[in-house]
Amino acid sequence: MNVDVTAKNQADWYQDAVFYELYIRAYRDSNGDGNGDFRGAIKKLDHIQSLGVNCIWVMPMYPSPLKDDGYDVADYLGIHPDYGTLADFKAFLDAAHARGLKVVTDMVMNHTSDQHPWFQAARQDKHSPYRDYYVWSDTGSEYADARIIFLDTEPSNWTYDEVAGQYFWHRFYSCQPDLNYDNPQVHEEMFNALRFWLDMGIDGFRIDAIPYLYEREGTNCENLPETHQFLAKMRRMVDEEYPGTLLIAEANQWPHDLLPYFGTEEEPEFQVCFHFPIMPRLYQAVKAGDKTPIVDILNDTPEKPAGTQWMTFLRNHDELTLEMVTPEVRQWMWEQYAPEPRMRLNLGIRRRLAALLDHDKQKWFLLHALFLSLPGTPIIYYGDEIGMGDNIWLPDRHGCRTPMQWNNNLNAGFSSYENTYQPVLAEYPQVNVAAQEDEPDSYLNLTRFLIRARQGQAALRRGEMAWVETGDTAVLAYRRFIHDEGVLCLFNLSSQPQRFALHHERRDLLSPEARLSGTIELKPFAAHWLVLA
Ligand code: BGC
């Protein structure tokens, strides 16, 4: 049964989709100012479409001082002037829709920039109605059980503001004051921001940093019942006013804390939740040649409500987070994947996918074949489709956000201006889209091939999953199945050949000529998606 994944009116289209994460500043500069923009991105929609993805997630594109690359919003109802105008955004949206691509954007609800007019008004006047949009304290001693997230830079979740004469609460950088969700006016402001973009025709939102909306004394200030009540209220609003809107939860939490973000049948919250804990375990398993971490985390992942979906990824714009592993595993992952201190950030690793794998294409293929066959809606991070590297000498997470490499012209074809917002990687003459177009085994063509192979199998998109015993910790096998269709997914995680006995003759979707039967040899780091011959 092949579902038409481009079907526009299918309410749960996200179940079949592959997403592409787009950093607009990095993609294509159309006006020669060194920053990517929406007019430039329009020209590159052909590339995005050629990958076979179905939806673009646009990272924050709002006016912002860019102290946290746009996750510090100074105006929820505009477009950053470096990226274009509202009309340019609309043109991008329409051009994407015309190609059958959906578009979701980031919505940063937990906090604003300190440059937002609300915060400026709030700090200047204790009696301003905006004062209560934020969380204040005379002592900065409340909520002491809340952890600090940006450990490398922030000594506290409270910062004293001289102008206000009080401390304000922030879970991220001190230039990102948290909004006060105990104030219903804040709910209305956020709902109006959602309405603004939905009126323009976008398909949904990735709602950023949702575990932290409320604070309560004596708790760790994450996943509070009040937060869930607000999120259910938000879902009610979009369901009533904009039915079909997709809401994606960004909550870096353990699976049992994530589950409540789907809500209940009566009080739904999100259709899709990022599954953070599985991501580091994929890298861990491939490095250790041992499937145990993958098996354990999926066995620990509770059944999700009907119609909802996990969202899976190998990399994104942030550090490869190691928040959801034990301290011992974190240490091991740092030693294995981030031997130099510069490669580490907070509780994670600030490196790109191909660089993490030492540009080993076999491992890259294995990891993708694994990730694209697991349950969940996958996201590809821009640049990973060509195996782009990183620049560990840039601060914060910028080393993984460098300009997209299109060809071997000046600035990799990203911009005609010498001073791009971040330097283009020196590797670009070799690693770029144009160079990979005609090479059958390039990262680019392998990405297209894998996505197409997944899209062709309803079992991989929507199917159930069941483990297959292999008697070997290095050999991971599971079946994905729906109705009478099934795919046996088989991986050798080790650098040694392994064996596996097949009961039926099979065809390998990843190596279409191959027919396999009997006891087969699995080459080092081999990946197979097997269907009945
Ligand atoms: C985003 C980060 C950002 C943080 C604060 C995260 O979830 O992915 O890039 O720094 O939220 O907004």
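The values are calculated or read from the model by the stated rules, or taken from the named source; none is laboratory data. From a predicted model like this one, the values you see are computed outputs, not experimental measurements. Glycine also receives a Cβ, built like all others from the backbone with ideal geometry; neighbour counts cover every protein chain displayed. Surface accessibility is based on the protein's heavy atoms, side chains included, excluding ligands, DNA and RNA. Shrake-Rupley method; radii C 1.70, N 1.55, O 1.52, S 1.80 Å.
Summary of computed values
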item	result
Candidates Asp318, Asp239, filtered to the one that is open to solvent by 40 Å² or more (accessible area, probe 1.4 Å) and of a type in the set (Asp, Glu)	Asp239
Candidate set from the stretch 292-312 (those that are outside any helix (DSSP H, G or I) and closer than 16 Å to Val325 by Cβ); member that is most open to solvent (accessible area, probe 1.4 Å)	Asp300
Test: residue in the stretch 337-347 that is over 18 Å from Tyr20 (Cα atoms), in contact with a Gly (Cβ under 6 Å, 6 or more places away or on another chain) and of a type in the set (Gly, Ala, Ser)	no
Filter result (part of a loop (DSSP other than H, G, I, E, B) and free of Cβ contacts under 8 Å to residues at least 40 places away in the same chain) within the stretch 512-533	Pro512, Glu513, Ala514, Ser517, Gly518, Lys523, Ala533
Residues located in the stretch 93-114, provided they are among the hydrophobic types (A, V, I, L, M, F, W, C), away from the ligand (no atom under 16 Å from the Cβ) and touching a Leu at 6+ places or on another chain (Cβ under 8 Å)	Ala95, Ala96, Leu101, Val103
Of all residues making up the stretch 61-84, the number that are open to solvent by 30 Å² or more (accessible area, probe 1.4 Å) and in contact (Cβ under 8 Å) with a residue 40 or more places away in the chain	5
In the stretch 152-162, residue surrounded by the most Cβ atoms within 10 Å (Cβ to Cβ) [restricted to those that are closer than 21 Å to Arg123 by Cα and more than 16 Å from the ligand (Cβ to nearest atom)]	Trp158
Search result, residues across the stretch 1-54 that are among the hydrophobic types (A, V, I, L, M, F, W, C), touching a strand residue (DSSP E or B) at 6+ places or on another chain (Cβ under 8 Å) and either at pLDDT below 95 or in a helix (DSSP H, G or I) (or both)	Met1, Trp13, Ile24, Ala41, Ile48, Leu51
So Asp390, is it open to solvent by 10 Å² or more (accessible area, probe 1.4 Å) and on the phi > 0 side of the Ramachandran plot	no
Selection from the stretch 97-150 of residues that are assigned to a strand (DSSP E or B) and surrounded by fewer than 19 Cβ atoms within 10 Å (Cβ to Cβ)	Ser137
Test result for Val135, under 23 Å from His47 (Cα atoms), touching a strand residue (DSSP E or B) at 6+ places or on another chain (Cβ under 8 Å) and in contact (Cβ under 8 Å) with a residue 24 or more places away in the chain	no
Looking only at the stretch 393-424, and only at residues there that are crowded, with 23+ Cβ neighbours inside 10 Å and of a type in the set (S, T, N, Q), the one that is nearest to Ala435 (Cα to Cα)	Gln405
Gly165, sole failed condition from (1) farther than 30 Å from Leu347 by Cα; (2) open to solvent by 50 Å² or more (accessible area, probe 1.4 Å); (3) among the small types (Gly, Ala, Ser)	(2)
Residues within the stretch 169-203 that are within 16 Å of the ligand (Cβ to nearest atom) and either open to solvent by less than 10 Å² (accessible area, probe 1.4 Å) or among the basic types (Lys, Arg) (or both), tallied	10
The stretch 204-225, residues that are in contact with a Lys or Arg (Cβ under 8 Å, 6 or more places away or on another chain), surrounded by fewer than 23 Cβ atoms within 10 Å (Cβ to Cβ) and closer than 22 Å to Tyr76 by Cβ	Ala209
Residues that are part of a strand (DSSP E or B) and open to solvent by 50 Å² or more (accessible area, probe 1.4 Å), drawn from the stretch 478-489	Arg479, Phe481
Selected residue (criterion: nearest to Glu222 (Cα to Cα)) from residues of the stretch 258-295 that are within 16 Å of the ligand (Cβ to nearest atom), in contact (Cβ under 8 Å) with a residue 40 or more places away in the chain and not β-branched (Val, Ile, Thr)	Tyr261
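For every residue, the table says whether it meets (1) under 26 Å from the mean Cα position of the chain (by Cα); (2) in a strand (DSSP E or B); (3) more than 26 Å from Pro440 (Cβ to Cβ).
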position: Ala466; (1), (2), (3): yes, yes, yes
position: Leu476; (1), (2), (3): yes, yes, yes
position: Phe491; (1), (2), (3): yes, yes, no
position: Phe500; (1), (2), (3): no, yes, yes
position: Arg507; (1), (2), (3): no, yes, no
position: Leu510; (1), (2), (3): yes, no, no
